[in-house]
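Note sheet for the following structure.
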Amino acid sequence: MYKLLVIEDDVMMSDMLSMYMSGEGYEIKQAENGEKGLQLVEQFVPDVLLLDLMLPDWDGIELCARIRENSSVPIMIVSTKSEVSERVQALRAGADDYLCKPFSMHELSARVEALIRRSRIMQASAAESIQPEGGIAAQKEIKLDAERRLLLVRGAFVETTFSEFEIMKLFLSHPGKVFSREDLINAIRGYDSFVTDRAIDVHIVNLRRKVEKNPKEPHHIRTVWGVGYKYAPEDVPAPQ
């Protein structure tokens, strides 16, 4: 049974989400404010988190960033705020998905399932990739730690969001291959979930900050103008 944490101050909405997802087979915990939510992230250790942006004690974006500092749990924002700027801020803060109220419970359930499914698949795939014989392990500077869903960058562990981890897994599995933004969207969301080209660009900016020696002149995560992005391993010369 997967565990789901709902951080939502609207009691009716929280109860509705909890009842529906409980009926789908999830173990549920509810938090009516950010402080209780932070406590439950540590104590309950959820497999996925639903987070409202408007809470009585925390700004939802700030709370998302705070949770992301210590946890790689997939975070889905559920909010009445539909502006693109809000979505971008949430993604930059570490959110993995964004669903605007009102929404279909069926869609919510499908998105939660997708987040957990991809999380498990990536963990299993990364476990294989870090074996001594694996191709990814041959990359000297950057490796994946499946158990903790972290990147090992030049000997130091770096925490990533759910989506960042999946993008890096894709890059490391196919060094040199050019991925369009649509390729990356399909890899981390599936065909029926909300995500934009802008969201991919935000993830790339954040990943460069985490893996590149000089994010302004990236060696590994390179832009292929007019197409998308590719990953260059250590033995590929830096662009001139």
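The values are calculated or read from the model by the stated rules, or taken from the named source; none is laboratory data. All of these numbers come straight from a predicted model, not from anything done at the bench. Note that we place each Cβ from the backbone using ideal geometry, even for glycine, and neighbour counts take in every protein chain shown.
Things to note:
- Qualifying positions in the range 22-42 - assigned to a helix (DSSP H, G or I) and either in contact with a helix residue (DSSP H, G or I) (Cβ under 9 Å, 6 or more places away or on another chain) or of a type in the set (D, E, K, R) (or both): Gly34, Glu35, Lys36, Gly37, Leu38, Val41, Glu42
- Complete set of residues in the range 52-65 that are out of contact with any Ser or Thr (no Cβ under 9 Å at 6 or more places or on another chain) and surrounded by fewer than 18 Cβ atoms within 10 Å (Cβ to Cβ): Pro56, Asp57, Asp59, Glu62, Ala65
- Any pair with Cβ under 8 angstrom, 6 or more apart, that starts in the range 207-230 at a residue that is closer than 21 Å to Asp197 by Cβ and ends at one that is assigned to a strand (DSSP E or B) and of a type in the set (Gly, Ala, Ser): Val227/Ser180; Gly228/Ser180
- Entry remark, the range 155-171: residues being within 18 Å of Asp183 (Cα to Cα) and either modelled with pLDDT under 50 or surrounded by 21 or more Cβ atoms within 10 Å (Cβ to Cβ) (or both) number 9 in total.
- A search for C-beta distances below 9 Å between a residue of the range 158-170 that is free of Cβ contacts under 8 Å to residues at least 12 places away in the same chain and any residue that is not in a helix (DSSP H, G or I), counting only pairs 6+ apart in sequence or on different chains, returns nothing.
- Complete set of residues in the range 155-183 that are within 22 Å of Met76 (Cα to Cα) and part of a helix (DSSP H, G or I): Phe162, Ser163, Glu164, Phe165, Glu166, Ile167, Met168, Lys169, Leu170, Arg181, Glu182, Asp183
- The selection criterion, being surrounded by 21 or more Cβ atoms within 10 Å (Cβ to Cβ), modelled with pLDDT under 85 and closer than 29 Å to Leu63 by Cα, does not hold for Leu115.
- Selection status of Met19, touching an Asp or Glu at 6+ places or on another chain (Cβ under 9 Å), assigned to a helix (DSSP H, G or I) and not assigned by TED's automatic domain parsing to the domain that holds Thr161: no
- Asp197 vs. criteria under 15 Å from Ser163 (Cβ atoms), of a type in the set (Asp, Glu), modelled with pLDDT under 85 and surrounded by fewer than 18 Cβ atoms within 10 Å (Cβ to Cβ): yes
- Whether a residue is in contact (Cβ under 8 Å) with a residue 24 or more places away in the chain and not hydroxyl-bearing (Ser, Thr, Tyr) was assessed, and Gln30 passes this test.
- Single match in Leu4, Leu55 (criterion: more than 14 Å from the chain's Cα centre (by Cα) and under 17 Å from Phe162 (Cα atoms)): Leu4
- Residues that are in a helix (DSSP H, G or I), touching a Phe, Trp or Tyr at 6+ places or on another chain (Cβ under 8 Å) and either modelled with pLDDT of 80 or more or more than 24 Å from Ala232 (Cα to Cα) (or both) within the range 119-154 comprise just one, Ser119.
- Residue tally, condition in a loop (DSSP other than H, G, I, E, B) and not polar (S, T, N, Q), over the range 69-117: 10
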